[in-house]
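The values are calculated or read from the model by the stated rules, or taken from the named source; none is laboratory data. This is a predicted model, so every value here is computed, not measured. Glycine also receives a Cβ, built like all others from the backbone with ideal geometry; neighbour counts cover every protein chain displayed. Please note that ligands, DNA and RNA were not included when accessible areas were found on the heavy atoms of the full protein model with its side chains. Shrake-Rupley method; radii C 1.70, N 1.55, O 1.52, S 1.80 Å.
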Amino acid sequence: MNLWKEIISILAALITIFSIVPSNFQIVAVILVFLSLIIYHVNEKKLHEKLKGVNLYKDNNRKKINYTILFVLIIFIISAFGFSYFNSHFFPEPPEDKFVVAIFPLYLGNSNDGEIDSDTAEDIRRLIEIDSTGRIEAIILDEPPSSESDAITRGKKVASHLVIYGVNKNKIGDIVEIEFNVLPINFDSKVRQNSLANDGKMSESIVFSRYDTDALTIVESLKENVSSTVNVIFAFEYYDRSEYAFAIDKFKSVKNYEENDLILLYIGNCFFFENDYEEALYYFNKVLDKNLQDSVAWCNKGASLFYLDRYEEALKAYDKAIEINSREADAWYSKGIVYFYLENHIKAIESYDKAIEISPNHSAAWDNKGLAFASLGDYEASLNAHENALKANPQSFEAWNNKGIDHAKLGQYEEAIKSFDKSLEIDSNYPIAWTNKGLALGNLGDYEGALDDHEKALKINPNYKEAWRNKGIALFYLGQYNASLKACEEALKIDSDYFDALVNKGLSLDKLGRYEEALKTYDEAIEISPQDSHVWYSKGVSFVHFGNYSEGINAFENALKYDPMNFESWVNKGSSFNQLGNHSEAIKAFDKALEINPQSFEAWNNKGISHAKLGQYEEAAEAFDKAVEINPDSSSVNKNKILAFNELDEENSVNHFSKLIFV
């Protein structure tokens, strides 16, 4: 029974270590746990004797226990820092200005006494030094590695990017075959391509395997003089520097490269990073023709299909990868991204949940799960997901930005600004957070501050169309309509079909009294998005300002066709009917508006005018009374109420049209 308790305790301790303790300190933590157990078992008998009859709650005994716990914690902290120092001292980071290759002597395959071949390693170094013009440093180590992990460890000790090791096999007579293993080390094997940039949101997107964890094996014969291995070294050096065209050329210089799965994979990767997704897809398919169980190739194929907008095929590729390895969190995560782009947000959340189940600290999965909830309009759930993303990675400026958007959507603009500020603390050159902060300030009425933040975003990225649009909004509310118009036109220079900028350009033209130009601009926007109620509403307002109430009514009716709850369209439709003398239709429109917002001053006031014009003075007085309740200080409604009893005439009545709305 005691044995089982101890096993359970050890397992619990190990689970805690691997879920909480940072990876650099996990070895130290495990060692401390086992040392503690050994010390306990060695002194178990003495400890039990000392504790017999001891009251653990006495102050002296409690102090002793506290001091013991404190001592253990101090030892743990010192050990952790010691391990961290050891790690950085004995495994230095590779230099950024030079590509370092660690070359091991080769085992002689036909030797029975552990003889080694150092000459071939020297040949490789000589060829590198001749051709690399100082870009590559070759370090020859003293003896062959005992295993792949030994090669990696020793390669890291000399701060190398690449390790070369293998066997020199003398076959028959003078026929020699050399098997080289080429393994990139000191790299993040996976990268995330940023692609979400809609409505101010930005997050890490599709995961792509930049490096394979397997060694690339090259088989050479003596007559080729290790040329293929040298070409692979140069290919990886170009690859590391993102000079992908040169890397492709060097990979293709390897003899029989088309028979080597990993070389085909790296060539596909090069095309992917060059944004040639069709060619990348061709090479990933060639890998899979040779090995259908290559989950990395399936994932990278999925990424290529994603960027080709072939989402359904991308899903199938990720399903294949998951079929091979169902515990691959990044495959589930990337599958969620594809579902997000298919606007299947429920399925996206399910995929992110799978990734999180496998890897609870998968910050990007939490972050994008939040975006999926936001797309469903559930900003509370989105906020919770983004907070979990920040627990996993407090330095994620994207997650801070997205958390800020959640607060803004919930009307919590001060909290939103705090989140945007945190994002900018981490990366002050993040233009999305600057312009989002500007929008939050604008919602608080600080248009000068908003303008300043939008300009900061544009200083970082002058081609950021959303920031130009948002700058235009701030200038509009500051009454600088010409400047607002120019900002919208700058956005349209970047993207002539930018719907929001077209609508806001129309609003600025309307304010400048250039109604015909405003109407033409709205028509351009309607061609792009004919079912958007806001643009139809804005077009109706310009018709009203132009004095064309019939066309205004038509535009408001189109707005209501696509959004029957568009309150402003009902109010302005009713006011337009009033201007045309059709007061019965006006009352119907105001009643619809009041169903949506019973506390609307404009709707009650304008309804009162309609009743008065029909001679329905009691109904008019009731409507005006309601308007006075909502806005007791309005001089216009009191004037309308008095005139209602004097047979209200058109010239004296004060009709209220609803405001322009920005998108």
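Points to keep in mind about this one:
- Within region 577-587, the set of residues being assigned to a helix (DSSP H, G or I) and either surrounded by fewer than 15 Cβ atoms within 10 Å (Cβ to Cβ) or among the aromatic types (Phe, Trp, Tyr) (or both) comprises Phe577, Ser584.
- Of all residues in region 474-497, those that are more than 18 Å from Gly438 (Cα to Cα) have Cβ atoms under 6 Å from Cβ atoms of residues that are open to solvent by 60 Å² or more (accessible area, probe 1.4 Å), 6 or more apart or on another chain, in Tyr481/Lys511; Ile494/Asn463; Asp497/Ile528.
- Breaking point among (1) under 17 Å from Val207 (Cα atoms); (2) open to solvent by 60 Å² or more (accessible area, probe 1.4 Å); (3) at pLDDT 95 or above, for Ile358: (2)
- Unmet requirement for Ala408, which otherwise passes all of (1) small (Gly, Ala, Ser); (2) buried (at least 17 other Cβ atoms within 10 Å of the Cβ); (3) not in a helix (DSSP H, G or I): (3)
- Residue among Tyr239, Tyr283 that alone is farther than 17 Å from Gly302 by Cβ, part of a helix (DSSP H, G or I) and either within 25 Å of the chain's Cα centre (by Cα) or not β-branched (Val, Ile, Thr) (or both): Tyr239
- Among residues of region 461-479, those that are within 21 Å of the chain's Cα centre (by Cα) and within 18 Å of Ala440 (Cβ to Cβ), counted: 3
To keep it simple, each residue is scored yes or no on (1) part of a helix (DSSP H, G or I); (2) surrounded by 24 or more Cβ atoms within 10 Å (Cβ to Cβ); (3) on the phi < 0 side of the Ramachandran plot.
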residue	(1), (2), (3)
Phe306	yes, yes, yes
Glu323	yes, no, yes
Tyr333	yes, yes, yes
Glu343	no, no, no
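- Taking the criterion of being in contact (Cβ under 8 Å) with a residue 60 or more places away in the chain, open to solvent by less than 40 Å² (accessible area, probe 1.4 Å) and either farther than 18 Å from Asp212 by Cα or of a type outside the set (Gly, Ala, Ser) (or both), the residues of region 139-166 that qualify are Ala159, His161, Leu162, Val163, Ile164, Tyr165, Gly166.
- Members of region 595-620 that are open to solvent by 20 Å² or more (accessible area, probe 1.4 Å) and closer than 20 Å to Ser533 by Cα: Glu595, Ile596, Asn597
- Taken together, the criteria place Lys403 among residues that are on the phi < 0 side of the Ramachandran plot, modelled with pLDDT of 95 or more, buried (at least 23 other Cβ atoms within 10 Å of the Cβ) and not hydroxyl-bearing (Ser, Thr, Tyr).
- Residue in region 526-540 that is open to solvent by less than 10 Å² (accessible area, probe 1.4 Å), in contact (Cβ under 8 Å) with a residue 60 or more places away in the chain and not aliphatic (A, V, I, L, M) present: yes
- Exactly one residue out of Lys286, Lys250 is closer than 21 Å to Thr120 by Cβ and at pLDDT 90 or above: that is Lys250.
- Top-ranked residue of region 554-569 - restricted to ones that are within 21 Å of Leu580 (Cβ to Cβ) and of a type in the set (D, E, K, R), ranked as surrounded by the most Cβ atoms within 10 Å (Cβ to Cβ): Glu568
- All of Ala321, Ala314, Ala365 fail the test of being touching a strand residue (DSSP E or B) at 6+ places or on another chain (Cβ under 9 Å), of a type in the set (A, V, I, L, M) and within 21 Å of Arg210 (Cβ to Cβ), apart from Ala314.
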